[in-house]
1. Out of the range 182-198, which residues are among the β-branched types (Val, Ile, Thr) and buried (at least 21 other Cβ atoms within 10 Å of the Cβ)?
2. Just to verify a result, which residue in the range 76-117, among those that are without any contact (Cβ under 8 Å) to a residue 12 or more places away in the chain and part of a loop (DSSP other than H, G, I, E, B), is nearest to residue 141 (Cα to Cα)?
3. Among residues belonging to the range 245-262 that are assigned to a helix (DSSP H, G or I) and touching a residue at least 40 places away in the same chain (Cβ under 8 Å), point out the one that is surrounded by the most Cβ atoms within 10 Å (Cβ to Cβ).
4. Of (1) out of contact with any Gly (no Cβ under 8 Å at 6 or more places or on another chain); (2) assigned to a loop (DSSP other than H, G, I, E, B), residue 175 satisfies all except one. Which?
5. What do you reckon, is residue 201 modelled with pLDDT of 95 or more and at positive phi?
6. Would you check if residue 295 is more than 27 Å from residue 193 (Cα to Cα) and not assigned by TED's automatic domain parsing to the domain that holds residue 186?
7. Which of the residues that make up the range 199-224 are surrounded by 19 or more Cβ atoms within 10 Å (Cβ to Cβ) and either part of a strand (DSSP E or B) or outside the structural domain of residue 269 (by TED's automatic domain parsing) (or both)?
Amino acid sequence: MGPTGVDEVAALPDCRGSSNLSAYSETPCMKLILRLFATSLITSVVGAGVSHSASAAPSVADSRVYELRTYTAHVGKFEAVLARFRDHTTKLFEKQGMVNLGYWVPLDAADGAGQKLIYLLAHASREAATASWKAFSADPVWKEVRTASEVNGKIVAKVESVFLSATDFSPAIRSSIASPSRVFELRTYTTPEARLEALDARFRDHTVALFKQHGMTNVAYFHPIDADKGAGRTLIYLLAHASREAAAASFAAFRADPKWVAARKSSEVPFGGSLTMPQPEGVRSVFLAPTDFSATK
C-alpha cells in the first residue's frame with residue numbers, strides 16, 4: 001500500500017510512555033517523526049518549485065484568426081442593420097462556430113457615425129472561417145431573417161473584411177464588460193517598407209507598458225494577414241478609455257513622458273525618421289462606442 005495505507009499504520013511504533021527527552025530522541029518513535037517531517041518538508045519545497053515553474057511558463061501563442069468587419073448601411077437603414085444583428089445575426093454567428101468579441105459604432109461623423117457598424121470575430125483558423133461563413137450563408141434561418149429585413153430594400157450598402165493575426169505582444173484577446181461602459185479607439189499604423197518589425201519592437205518593449213501606465217487599456221494588437229489588406233506594413237490595435245476626455249488626457253501625458261520620447265528617438269535613428277508613413281496615411285484613429293449587444297463594453 002501507499003504511505004498512508006493501513007499496513008503502515010499498523011506498523012507504527014508505540015510512542016507512549018517515554019518522559020526522558022534524551023532517551024526519547026533515540027527511540028524508533030522519534031526517528032519516525034523526524035523521517036516524516038523531512039519527507040513533508042522536501043515534498044513542500046519540490047511542490048512549491050513545480051507550482052512556480054508552471055505559473056512562470058509563457059502563455060501559449062494565440063493561433064486564432066480574427067476578422068475585423070465594417071458594414072456601411074444604406075441611408076436611413078442603419079437602425080435596421082443594428083436590429084438585425086441584435087436580434088438574429090450574432091446568435092447565428094455563434095451557431096456556426098464564430099465568436100463575437102465586440103460590436104462598435106464610430107462616434108464621429110467623419111468616421112461614419114450613424115452609418116457604420118464595426119465588429120470583431122474570432123475563428124479557430126482561416127479554413128474554419130470559410131466553413132462558418134458558408135454554413136451561415138446557407139442557413140435557412142438566416143435566409144428568412146435577411147428576406148424579412150429587406151422587404152423595403154437592401155439595408156447594407158458595403159461590407160469590408162480584414163483577416164488578422166494577434167501579435168506576440170497583444171494581451172489575451174477576450175470579451176469584457178466594464179461599468180460604466182468605456183470608449184474604444186481603433187488605431188491603424190502603416191509603415192514604409194521594412195519598418196514594421198521596428199515598430200513592433202517599440203510597442204513590445206515600450207509603448208504597450210507606457211499606455212497602461214498612463215491609464216489606457218490595451219485590448220488587442222493585430223497584423224493583417226493578406227497583402228492587399230496591409231500585411232507586412234500595418235499594425236492595427238484597440239484601446240479602451242474611461243471617456244473621450246480621459247483618452248485625450250492619457251495621450252497628452254504619454255506624449256510628454258520622457259521614456260516615450262527616448263524610445264521613439266532611439267527607434268527612429270536607424271531609419272533616419274519616423275517608423276510610420278506621413279499623415280494622413282501613417283496613423284489613423286477612430287473613436288468607437290460599443291453597441292448595446294456588444295460582448296465587449
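The values are calculated or read from the model by the stated rules, or taken from the named source; none is laboratory data. The structure presented is a predicted model; accordingly, all values stated were derived computationally and were not measured. Counting neighbours? That spans all protein chains shown, and the Cβs are built from the backbone with ideal geometry, glycine included.
1. Across the range 182-198, the qualifying residue is only 191.
2. Selected residue: 76.
3. It comes out as 247.
4. Just one mismatch for residue 175, condition (1).
5. no
6. It is true that residue 295 is more than 27 Å from residue 193 (Cα to Cα) and not assigned by TED's automatic domain parsing to the domain that holds residue 186.
7. If the condition is that a residue be surrounded by 19 or more Cβ atoms within 10 Å (Cβ to Cβ) and either part of a strand (DSSP E or B) or outside the structural domain of residue 269 (by TED's automatic domain parsing) (or both), then 219, 220, 221, 222, 223, 224 are the ones that fit.
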